[in-house]
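**Q** A single structure is presented below for examination.
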Amino acid sequence: MANESARECHAILTERQAGVCLHIASLPGPYGIGEIGSPARSFIDTMQGMRLGVWQFLPTGPTAYGDSPYQSLSTFAGSEMLIGIGDLVAIGLLVESEVEELKTLPTHFVDYGTLIPIKNRLLDIAAQRFPFQASDETQARFAEFVAVNDDAWLHDYALFRILKTLHGERPWPEWKPEYVHRDKDALRELETGAAEQVRAIKIMQFLFQDQWLELRDCAHAAGVTLFGDM
């Protein structure tokens, strides 16, 4: 895998290629925002047909106030707003009738103020169904995802998002002192009381990564290099 990545980097640096810069949120699609699911895979097919070899995209982290991809809440997490809703319908975590509200959103720009509460509610539903609806193989991948990432960033990210919501989305220096200073007893009490929310956030991050890996495999098979942005 390392040698393969090195060859791709060498090709980018030494071979003339045509490419495009397009933020994933700007992809066309029926659910109010471009997504890393089927809309992104369709764009890979379009690129292959146009003999474009590089797709540069903007940062994909969860966004804060102003919804700018350059103002991310995490170095490691993916933006829940980019999770492919159609893919969740396809695997039975949502049903078509539940996502109809998203189809009423504008198609020529992203109305974040309307999108975010609707999509968060749908992702919460998907996360609640995940333990019962996801296949055994998918559940095993989720367990592996948590085992690999929990101590490094995932658990802290889940607590951070819960605390940020509890404090009206204000920046962390304005939170209650026990949370600003990471008081162990306060965090332990939060973990106990918000255990379902913590698990839901971890499931959403898994769904993002699962779809991202599928997109990466699709791009690789099509000979398209995914080129990130700092």
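**Q** What longest range of the chain stays clear of loop-exposed GluC sites (Glu not before Pro) (DSSP non-H/G/I/E/B, at most 12 other C-beta within 10 angstrom)? Could you put the intermediate results ahead of the total?
**A** On the way: sites that count: Glu15, Glu169.
It works out to 16-168.
**Q** For the pairs Lys119/Lys176; Lys164/Lys184; Lys103/Lys202; Lys119/Lys184, flag any whose C-alpha to C-alpha distance is greater than 24 Å.
**A** Checking Cα-Cα distances, Lys119/Lys176; Lys103/Lys202; Lys119/Lys184 exceed 24 Å.
**Q** Can you give me the P(r) profile for segment 73-167? Cα pairs, bins 5 angstrom wide beginning at 0, each as a whole percent.
**A** Values per bin, smallest distances first: 2, 11, 17, 22, 21, 15, 9, 2, 0.
**Q** Quick one: putting +1 on the C-beta of Lys and Arg, -1 on the C-beta of Asp and Glu, what dipole do you get for the chain around its Cα centre, in Debye to the nearest 20?
**A** Dipole magnitude for the chain comes out near 400 debye.
**Q** Hey, what does the equivalent ellipsoid look like for the chain, semi-axes from the Cα gyration tensor as sqrt of 5 times each eigenvalue, largest first, whole Å?
**A** 31, 21, 19
**Q** Sorting Asp136, Asp183 by accessible area (1.4 Å probe), largest first, what list results?
**A** Asp136, Asp183
**Q** Can you tell me, using C-alpha contacts under 8 Å and at least 6 residues apart, the relative contact order of segment 50-173 as a whole percent? Display every interim value, and only then the final one.
**A** On the way: 78 pairs, mean separation 21.5, N = 124.
The value is 17 percent.
**Q** Given R₀ = 41 Å, what would the calculated FRET efficiency be for Gln139 paired with Glu15, taking r from the Cβ atoms and rounding to 0.05?
**A** Values: r = 42 Å, r/R0 = 1.02.
About 0.45, to the nearest 0.05.
**Q** Given that compact globular proteins tend to follow 2.2 N^0.38 Å, what is the ratio of the alpha-carbon Rg of segment 8-100 to that value?
**A** Ratio of Cα Rg to 2.2 N^0.38 Å: 1.25.
**Q** Solvent-accessible area of Arg41, probe 1.4 Å, all protein chains present, reported in Å² to the nearest ten, please.
**A** Counting only protein heavy atoms, Arg41 exposes about 50 Å² to solvent.
**Q** Of the options Pro69, Ile162, Tyr179, report the single residue whose Cα projects farthest towards the positive end of the charge dipole of the chain (beta-carbon charges: Lys, Arg +1; Asp, Glu -1).
**A** Comparing the listed Cα positions along the dipole, Pro69 ranks first.
**Q** Hey, if you put +1 on the Cβ of every Lys and Arg and -1 on every Asp and Glu Cβ in the chain, which of Leu58, Gln209, Ile85 ends up farthest toward the positive end of that dipole?
**A** Going by the Cα projections, it comes out as Leu58.
**Q** Shifting gears a bit: At a threshold of 8 angstrom on Cα-Cα distance, excluding pairs fewer than six apart, so keeping six or more, what relative contact order does the chain reach in percent?
**A** 28 percent
The values are calculated or read from the model by the stated rules, or taken from the named source; none is laboratory data. Predicted model only: the values in this text are computed from it and were never measured. Cβ sites come from the backbone with ideal geometry, for glycine too, and all protein chains shown count toward neighbours. Areas reflect the complete protein model, heavy atoms only, side chains present, ligands, DNA and RNA absent. Shrake-Rupley method; radii C 1.70, N 1.55, O 1.52, S 1.80 Å.
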